[in-house]
1. Take the conditions charged (D, E, K, R), within 30 Å of residue 388 (Cβ to Cβ), touching a residue at least 40 places away in the same chain (Cβ under 8 Å) and open to solvent by less than 40 Å² (accessible area, probe 1.4 Å) and apply them to residue 299. Does it pass?
2. Starting from the range 266-281, keep only residues that are farther than 24 Å from residue 335 by Cβ and assigned to a helix (DSSP H, G or I), then list their pairs with residues that are within 12 Å of ligand 1 (Cβ to nearest atom) and not hydrophobic (A, V, I, L, M, F, W, C) whose Cβ atoms are within a distance under 6 Å, requiring at least 6 positions of separation or different chains.
3. For the range 1-30, name all the residues that are more than 16 Å from ligand 2 (Cβ to nearest atom), among the small types (Gly, Ala, Ser) and open to solvent by 10 Å² or more (accessible area, probe 1.4 Å).
4. Could we say that residue 366 is within 16 Å of ligand 1 (Cβ to nearest atom), touching a Phe, Trp or Tyr at 6+ places or on another chain (Cβ under 9 Å) and either at positive phi or basic (Lys, Arg) (or both) here?
5. Within the bounds of the range 282-296, is there any residue that is at pLDDT 95 or above, over 20 Å from residue 365 (Cα atoms), open to solvent by less than 50 Å² (accessible area, probe 1.4 Å) and among the hydroxyl-bearing types (Ser, Thr, Tyr)?
6. All but one of (1) closer than 16 Å to residue 443 by Cα; (2) open to solvent by less than 50 Å² (accessible area, probe 1.4 Å); (3) within 16 Å of ligand 2 (Cβ to nearest atom); (4) outside any helix (DSSP H, G or I) hold for residue 257; which doesn't?
7. Go through the residues of the range 386-396 one by one and say whether even a single one is among the charged types (D, E, K, R), open to solvent by less than 10 Å² (accessible area, probe 1.4 Å) and assigned to a strand (DSSP E or B).
8. Please verify whether the range 164-181 includes one or more residues that are away from ligand 1 (no atom under 16 Å from the Cβ), more than 18 Å from the chain's Cα centre (by Cα), more than 29 Å from residue 75 (Cβ to Cβ) and basic (Lys, Arg).
Amino acid sequence: MNIGVIGTGYVGLVQGIVMAQMGLNVMCMDVDKKKINDLKNGIVPIYEPGLKELLDHHLETKRIDFTTDMAEIINFSTVLFIAVGTPANEDGSADLEYVENVAHEIGKLINNYKVIVTKSTVPVGTGKIIKGIIRKEIEARNCEIDFDIVSNPEFLREGKALQDCLNPNRIVIGCETEKAKEIMNDIYGSFNTNQPPIVNTNIETSEMIKYASNAFLAVKISFINEMALLSEKVGADVQTIARVMGMDGRISPKFLHAGPGYGGSCFPKDTKAIVSIAKNYGESMLVIDAAIKANEKQKNKMVEKVIDKLGVENNINGRVIGILGLSFKPETDDMRDAPSIDIIKGLIKAGAQIQAYCPKGIKESKWRLIDYDASIKYMNDEYECSKGCDAMILMTEWSQFRGMDINRIKNNMKNNYFFDFRGVFSKKKELMESIFDYYTIGN
Ligand code: UDX
Ligand code: UDX
């Protein structure tokens with residue numbers, strides 16, 4: 001079966017390569033000519049462990065090809081996955097412009113039966129909108145062409161995208177016809193080992209599952225972040241609390257790591273989108289709304305912690321702060337909605353000078369923080385980053401920071417404040433306290 005993937009971002013590219021790995025013939029399309037040219041030559045535009053190796057392999061097996069031509073990919077494919085971006089509008093709702101443009105193009109060019117699958121996270125009801133657009137375009141051509149719409153949300157985590165895509169916990173397929181269901185179940189029935197459960201639903205349920213899952217995880221993180229703030233005040237230890245809560249099978253220990261707030265391309269955007277969807281239907285999502293507010297509060301609290309320690313009357317003028325890790329999580333170069341951005345802005349506004357190091361996030365940070373460029377120096381490693389600093393902030397838990405020589409860091413510094421926003425060294429709290437003026441989250 002020939003598969004087309006439209007949009008080669010984090011989601012589309014991983015999906016395309018994984019489908020090739022599953023033995024299918026894949027063509028990926030993107031409007032970005034440079035990206036497509038690079039991909040044809042085995043150059044992956046994003047950092048995602050293992051992706052380049054698998055791409056190289058399937059360029060060789062010829063199971064994957066790339067194009068910028070919409071007509072070519074439509075002619076080639078029986079199943080077309082839409083994986084273009086769905087950024088947030090100012091009001092938090094999802095911007096469907098790209099998805100709708102793709103639907104118009106498909107309607108203009110489709111010439112035989114196809115299954116059109118939304119892989120991008122789209123608001124409930126988008127499947128029906130896409131169907132309407134394609135149908136109208138076909139009617140405008142005075143043709144009769146059969147097609148089906150399917151919702152098949154992606155649950156991959158950046159940094160672990162291949163692993164998540166090759167070994168998913170579940171596959172959700174939302175569709176309206178037996179024909180589409182059979183084709184989709186056929187595609188996903190070919191996992192070599194550990195066949196994951198396939199859940200067939202209607203389109204709306206499938207669209208909601210993605211939002212419900214992401215919103216729930218965001219709520220879980222905001223919940224534990226608030227527990228962390230309170231734990232600090234009452235003398236409790238949030239990591240132990242999370243561990244013991246997690247021993248209860250009903251809760252599970254996952255996504256209970258307190259930190260500086262969640263970021264990334266999904267949680268911030270999807271939580272706001274579901275609140276906006278609910279509003280359109282006259283409902284309120286009080287719990288999710290609170291999680292969004294708590295996440296903003298968490299980032300502000302992190303800035304306050306630093307200012308409280310280093311500042312004189314809320315002023316940290318001239319203080320040099322080293323930031324370890326910029327990306328929203330380890331093993332990715334993605335800076336979309338990374339908490340580091342708001343925290344760095346907050347510190348600079350209070351007068352700080354920033355020295356930042358991240359294994360993969362520097363390139364993206366440079367343009368995202370361009371307006372603050374005069375106050376940020378980008379460094380080559382964690383040791384250079386600590387030179388002359390009053391304080392270090394461990395912002396993102398890259399594994400290279402876990403093993404760093406903390407004495408060397410201390411010796412490079414002018415003062416000895418260490419803010420461990422991810423609790424990476426909290427198990428060595430006594431040691432850390434003997435070297436630094438150490439703050440760890442939730443303890
Ligand atoms: C995805 C999903 O689309 C989004 O819904 C989910 O919530 C987060 O992840 P992602 O793959 O991370 O998005 O987005 P991005 O990296 O922006 O990639 C989108 C790609 O689509 C880009 O390469 C862009 O050039 C391409 N594109 C966009 C098209 O090919 N055509 C368009 O009309 C618009
Ligand atoms: C998420 C979902 O996990 C995935 O299923 C969905 O498809 C896309 O969105 P991703 O954004 O790649 O994936 O990363 P994730 O590992 O979920 O982390 C998101 C954010 O939450 C990060 O900023 C991370 O640091 C933070 N986080 C996560 C915490 O602060 N604590 C935790 O316990 C877990």
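The values are calculated or read from the model by the stated rules, or taken from the named source; none is laboratory data. Since we're looking at a predicted model, the values are computed, not measured. Heads up, the Cβs are rebuilt from the backbone with ideal geometry, glycines too, and the neighbour counts pull from every protein chain shown. Accessible surface areas use protein heavy atoms only, side chains included; no ligands, DNA or RNA. Shrake-Rupley method; radii C 1.70, N 1.55, O 1.52, S 1.80 Å.
1. So residue 299 passes the test.
2. 277/123
3. Matches in the range 1-30: 23 only.
4. no
5. No: zero hits.
6. (2)
7. no
8. Yes, some residue in the range 164-181 is away from ligand 1 (no atom under 16 Å from the Cβ), more than 18 Å from the chain's Cα centre (by Cα), more than 29 Å from residue 75 (Cβ to Cβ) and basic (Lys, Arg).
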